[in-house]
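Colleague: First the structure, which I've put down as structure tokens, then a few questions once you've had a look.
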Amino acid sequence: MTIYELVIDETAEVFGIDAISIVESPAIESDFVALKSDKVEFTEVDKEKRILMGAALVPSKPIYRRDERGEFYVYFTKDTIRRAMELFMQNGFQNNSTLEHEMRIQGLTVVESWIVEGEKDKAYHYDLDVPVGTWMVSVKVNNDAIWENFVKTGKVKGFSIEGYFANKTELSVVEQLEEVIESQLLNEVELAIARIKSDKRKKNGKRIVMESYSDYPQSVRNNAKRGIELNEKNGNKCATQTGKVRAQQLAKGEPISLDTIKRMYSYLSRAEEDYENANTNDCGNISYLLWGGKSALGWSRNKLRELGEIDE
């Protein structure tokens, strides 16, 4: 059976984890990943305070999936799990909870979130047998009905995450075509990537214009170079492959397409607040620089206004 790596595509409209569900057994859906509860059951850390502890994501763990393509497995790397945790906390989703991925529930809050780093981790103190790199959470349950009717009765046994991820194999196909388009501007490839992105993003009938532009300022190139340097110092763990490719293009002053400028503006606008509050070596800061930083935000905004793509 085929096994795919799932990654976070931070250039997509929605990405990452937006809720944690309490479940009895794994559900099989297209838009979220469910972990097998028999291996990652939570434990009651404090019955009086109603705190549950358990694994949210486990690295390199095969997770069964089924959709219109058939049956397959997916997995997450340690780097992707760490980035998923960071985004979950940065976006303030600690209070987003569901029951069996079916019903939004109130009164559950993630009060602790961490990555297991070694054998002295407190997860082992509570007899939770999880590997290094696991994302652990402690959840406070202030919902009486959930506590009495589901936790105490054992109807729910573990955590499961809900979110949006990209299949690395499919993503790499798009990236490879983008590189060819932006460096050679071939019409045949333009049509191919337009079809792929139309299917993937459900932009039915919307043609992707592939004119290219390289009139961004030197500061954009400098930011991209700085992002590459910082990422290398941090083990090259930050950003998606798309972001890394984009940084190489910007650092070299290569032309980029209108579609890329739109995604640049979308991402930089959305992540601006996180970037301003980030430390130098944070992945949020590095990813922002890889896309050209605040200089690229200003340039992309002005370029889209010039081309009549936005009115603001």
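The values are calculated or read from the model by the stated rules, or taken from the named source; none is laboratory data. Predicted model, so just to flag it, every value in this text is computed and none were measured. No Cβ is skipped: glycine too gets one built from the backbone with ideal geometry, and neighbour counts run over all protein chains shown.
Colleague: Quick one: count up the residues across segment 237-261 that are farther than 17 Å from GLU10 by Cα, touching a Leu at 6+ places or on another chain (Cβ under 8 Å) and small (Gly, Ala, Ser).
Modeller: 0
Colleague: Considering segment 279-300 alone, what residues qualify as being out of contact with any Leu (no Cβ under 8 Å at 6 or more places or on another chain) and surrounded by fewer than 18 Cβ atoms within 10 Å (Cβ to Cβ)?
Modeller: Hits for segment 279-300 are ASN279, GLY298.
Colleague: Quick check on segment 55-89: of everything there that is under 18 Å from VAL110 (Cβ atoms) and β-branched (Val, Ile, Thr), which residue is nearest to the chain's Cα centre (by Cα)?
Modeller: ILE81
Colleague: Looking only at segment 86-113, count every residue that is more than 21 Å from VAL156 (Cα to Cα) and free of Cβ contacts under 8 Å to residues at least 60 places away in the same chain and tell me the total.
Modeller: Total satisfying the criteria: 2.
Colleague: So, restricting to strands (runs of 3 or more DSSP E) that lie completely within segment 14-65, which ones have at least 2 residues that are modelled with pLDDT under 60 and either in the same structural domain as VAL116 (by TED's automatic domain parsing) or surrounded by 17 or more Cβ atoms within 10 Å (Cβ to Cβ) (or both)?
Modeller: Working: elements: 16-23, 43-46, 51-57.
Once the strands (runs of 3 or more DSSP E) in segment 14-65 are filtered for at least 2 residues that are modelled with pLDDT under 60 and either in the same structural domain as VAL116 (by TED's automatic domain parsing) or surrounded by 17 or more Cβ atoms within 10 Å (Cβ to Cβ) (or both), what remains is 43-46.
Colleague: Then there's this: With a cut-off of at least 2 residues that are among the aliphatic types (A, V, I, L, M) and within 16 Å of the chain's Cα centre (by Cα), name the helices (runs of 4 or more DSSP H) lying wholly within segment 228-312. Even if it seems obvious, please write down each step before you answer.
Modeller: Working: elements: 241-252, 258-276, 283-290, 293-306.
Where helices (runs of 4 or more DSSP H) fall fully within segment 228-312 and carry at least 2 residues being among the aliphatic types (A, V, I, L, M) and within 16 Å of the chain's Cα centre (by Cα), they are 258-276.
Colleague: Report, by residue number, each residue of segment 191-238 that is in contact with a Lys or Arg (Cβ under 8 Å, 6 or more places away or on another chain), at pLDDT below 50 and surrounded by fewer than 16 Cβ atoms within 10 Å (Cβ to Cβ).
Modeller: SER198, LYS203
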